[in-house]
1. State the antiparallel share, in %, of DSSP beta bridges confined to the chain, rounding to the nearest 5.
2. How would you order 27-34, 353-360 from highest to lowest mean count of nearby Cβ atoms within 10 Å?
3. Give me the dipole magnitude in Debye, nearest 20, for the chain about the Cα centre, with unit charges on the beta carbon: positive for Lys and Arg, negative for Asp and Glu.
4. Run the numbers on the chain and let me know its relative contact order in percent, using alpha-carbon pairs under 8 Å that are six or more apart.
5. Filter the GluC sites (Glu not before Pro) in the range 201-294 to those in DSSP coil with at most 15 other Cβ atoms within 10 Å of their Cβ, and list the result.
6. Suppose the chain between ARG218 and ARG109 were pulled fully straight at 0.36 nm per residue; how much longer would it get relative to their current alpha carbon spacing?
7. For a distance above 26 Å, tell me the whole-number percent of Cα pairs in the chain that qualify.
8. Taking the convex hull of the alpha carbon atoms in the range 225-315, what volume per residue do you get, in Å³?
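What follows draws every value from the coordinates through simple rules; no lab data is involved. Here the structure is a predicted model, which means the values were calculated and not measured. As a convention, Cβ positions derive from the backbone with ideal geometry for all residues, glycine included, and neighbour counts pool all protein chains shown.
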Amino acid sequence: MDRTFADFFAGIGLVRLGLEAQGWHSLWANDIDPGKFAMYAAHFGPDHYRLDDIRNVQPGEVPDVDLAHASFPCVDLSLAGERAGLKGRESGLIWEFIRILRGMAQQGRAPKLVTLENVAGWITSRGGSDFRAVLEALNSLGYVCDAVVLDAAWFVPQSRPRVFVVAHLGDHPLMSQRPLDVEPSRVRPPKLVEFIRAHSDLAWGLIAYPEPPQLGLRLEDILEDLPEDHDAWWPEERVAYLLGQMKPQHLGLVEAAAKSDDLLAMTVYRRMRNGRSMAEVRADGIAGCLRTPRGGSSRQILVIAGRGRIRVRLMTAREYARLQGVPDTYPIDVPYNQALWGFGDAVCVPVVEWLAEHALNPLVASQYASSVAASC
């Protein structure tokens, strides 16, 4: 069975990596960013990638596919942004995707499945009205909807919770849970359950998922082994300045780790607190959520402490890739900031694999089985 998909806001192709690992075949992709396209093309080739504004894409250009996926911009939904919601200039582009879906449906070739991905803040954006509006739009096209929050930290040492909507044409036994019966779980945190129960009038098709895996990796497991004299390591005076930006409790974590016989990797973000740049440490073996290098707090600083030493450098582009579950065979032949932009504004590969295995593959298989039965 050839499972096909179209990838909107495709970026550097990490959704494609995850879906291909589960037997899917890409027929079409679109993004507006030339830098991301360069990274995508270096790995996959340039074929069927439409480098253009989604507002210029017409429904007839998108081929017949089983799945249409959209990782639409998070800027206006993120807690780090201005929370303009789906009325914002960037996150509002989801409505262009809905326009294309509507056009495909009018042409009698609506995809069997639709998946959407964004930050968890989408659930509560503008009091939940943004989340509801998109689900209502999908319902109006005949889709029943599921929603889960999946965290990259279950698969790789990076904290990255993201909400996924899985929309399916028609019902299926896999979709067995009723909205008012849903209980909080690892894939449905309380905020999402609260939304589902409060909006039980929507056409839900809730899937009973298995328990997600427990992470077996630590940050130390994905780091590159840079030589002692590599120019990425910061000089002592720069390290001292960083330590001086830490609150006592954060500095204490680093100094305690430096006294250990083992090496401990920690990440640091610089953030503005009360008008002052502060360095905040994460020391649980997991990196903070990767971000794009637009602001001063975007780059993750890596601290390696232990055996009487404290060493500091920025995380490498390859480490960013590994934190997104990307294999080392994926080429990185672009400038550093461009690579960070590509990987930081992407979807974690094994998260997509897990969703495909436990939701998308069974759902599309049921569609094919129904089609075969109907033709007999």
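1. On the way: 35 of 55 bridges.
Bridges in the chain that DSSP calls antiparallel: roughly 65 percent.
2. Numbers: 27-34: 19.2, 353-360: 21.0.
So the peptides 27-34, 353-360, ranked by packing, come out 353-360, 27-34.
3. The dipole magnitude comes to about 1200 debye.
4. Working: 698 pairs, mean separation 60.8, N = 376.
With pairs under 8 Å counted, the relative contact order is 16 percent.
5. Details: sites: GLU220, GLU224, GLU228, GLU236, GLU237, GLU255, GLU280; in loops: GLU224, GLU228.
Loop-located and lightly packed - GLU224, GLU228.
6. Values: separation 109, 0.36 × 109 = 39.24 nm, distance 4.47 nm.
Computed gain between ARG218 and ARG109 is 34.8 nm.
7. Working: 37891 of 70500 pairs.
Within the chain, distances greater than 26 Å cover 54 percent of Cα pairs.
8. Working: hull volume 9.8 nm³, N = 91.
Cα convex hull per residue, to the nearest whole number: 107 Å³.
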